[in-house]
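Below is one structure; the comments refer to it alone.
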Amino acid sequence: MPFFLSKHRVLYWLIALAMAGQLHCNDLWSSSLVEDRRNCVLSPAVCGDFEECDYVTETCKPLPPPSCPAISIEAITPTSGSRRGGTKITITGSGFQGDMRVEIDGTPLENVVVEASSQLSGTLGASIASCGPSAVTLISSCFERVSKAQAFAYSLEPLEFDDQPLQLPSPPGTKVQQLVIDELNSDGDPDIIGIEPSAVRSFLSDGNGSFTTSAPLSLGGTLFQAASGDFSGDKFRDLIISDEQNPRLWLLSGSGTGSLAPQSIPMPEPIRGVVSPDTNSDGISDVLAVGKSGTLYLLLGSSGGLTGPDIVASGLPASSMLAALGDI
């Protein structure tokens with residue numbers, strides 16, 4: 001037979017249990033009040049970290065976003081510093097408050113202190129990869145961001161040289177008439193390529209001052225000038241070398257492992273000066289070569305190799321020698 005209790009009898013029963021110590025007030029509170037978010041008036045703790053209790057509706061509502069003034073940058077003092085860091089930087093502007101973050105060329109300023117609403121200071125962090133004019137960026141506690149382009153410049157440290165030069169392990173009597181510095185084996189350390197009268201020898205760097213010397217790559221003829229570039233667009237560095245006695249150029253294709261594969265490219269005449277610009281802005285290096293007659297040839301780089309040669313200028317002095325490239 002079903003058993004029913006009236007509303008009044010239930011209340012009397014709960015009170016009796018409470019008085020008898022079998023049911024505590026905390027149990028009543030946690031089971032009926034705290035779990036109900038509509039009771040934030042009685043217990044504001046039920047609202048979340050980014051909420052507050054609305055005492056009119058007796059419900060939790062989102063907190064309003066913080067109020068932050070607009071920030072601006074007016075000046076940076078000093079305007080340059082060493083890439084090694086450690087320089088104290090002072091920035092003037094407006095709207096500075098709370099926790100401010102400052103980045104110079106992406107490197108955070110250390111120990112930032114807001115000294116006034118119009119001034120803050122910090123210590124320049126080390127940024128070995130940065131050089132020259134850099135942007136200064138301010139980020140407020142409200143994540144507002146403002147930048148000032150080329151407001152600070154990282155300076156290079158004076159060059160320091162060992163007092164005892166390292167002699168690379170080349171055979172006695174080896175003659176090197178030109179050095180090319182480039183990355184041959186994709187390890188991030190620049191390597192040395194020595195251009196000898198009729199051969200090429202590479203010295204692969206380990207980044208710590210030691211080198212692995214390759215056997216000479218004999219090309220014959222009389223090598224004159226070399227230039228490096230990516231002439232096939234494969235992202236590996238290649239070499240182009242002129243031959244002043246034979247009508248050809250030598251293309252040494254890099255593999256990214258340190259080895260070079262030679263290829264003879266016929267030319268209308270013996271060549272002396274060579275440079276490797278990207279003349280058509282396609283991301284692949286081209287070759288400008290000066291013939292002994294005073295003619296300037298262009299060979300365009302492509303995924304299929306160098307194309308040409310095409311004559312782009314004539315009338316240069318006969319027997320012209322070395323070539324150089326620049327934005328004159």
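The values are calculated or read from the model by the stated rules, or taken from the named source; none is laboratory data. What you see is a predicted model; the values in this text were computed from it and never measured. Every residue, glycine as well, gets a Cβ built from its backbone with ideal geometry; the counts of neighbours run over all protein chains shown. Keep in mind that these areas ignore ligands, DNA and RNA; they rest on the heavy atoms of the full protein, side chains included. Shrake-Rupley method; radii C 1.70, N 1.55, O 1.52, S 1.80 Å.
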Excluding residues fewer than 8 positions from residue 148 in its own chain, the aspartates and glutamates with Cα under 12 Å of it are 74, 103, 105
Distance in nm between residue 189 and residue 234 label points, each 7 Å along Cα→Cβ, equals 2.4
Any aspartates and glutamates whose Cα falls less than 15 Å from that of residue 61, other than same-chain ones fewer than 8 residues away, would be 36, 49, 51, 52
Nearest-0.05 FRET efficiency for residue 176 and residue 259 at R0 = 22 Å, using Cβ-Cβ distance, is 0.65
Dividing the helical contributions, -39500 (n - 2.57) per DSSP H run of n ≥ 4, by the residues of the chain yields a 222 nm value, nearest 500 deg cm²/dmol, of -2000 deg cm²/dmol
For the chain, the Kirkwood Rh over every pair of distinct alpha carbons, in Å, works out to 27.3
Counting only DSSP loop positions in the stretch 148-229, the trypsin sites (Lys or Arg not before Pro) whose Cβ has at most 14 other Cβ atoms within 10 Å are 175
Over the Cα atoms of the stretch 166-211 the radius of gyration and the largest Cα-Cα distance (Dmax), both in Å, equal 10.8, 31
For the chain, dividing by residue count, accessible area per residue (probe 1.4 Å) in Å² works out to 59
Taking 0.36 nm per residue of separation between residue 279 and residue 75 and subtracting their Cα-Cα distance, the length gained on full extension comes to 69.4 nm
Share of accessible surface on carbon and sulfur in the chain, whole %, 1.4 Å probe and ligands ignored, is 55
Answer in debye to the nearest 20: the dipole magnitude of the chain about its Cα centre, from +1 Lys/Arg and -1 Asp/Glu charges placed on Cβ, is 500
For residue 168 and residue 310, extending 7 Å from Cα along the Cα-Cβ vector and measuring point to point gives, in nm, a value of 3.6
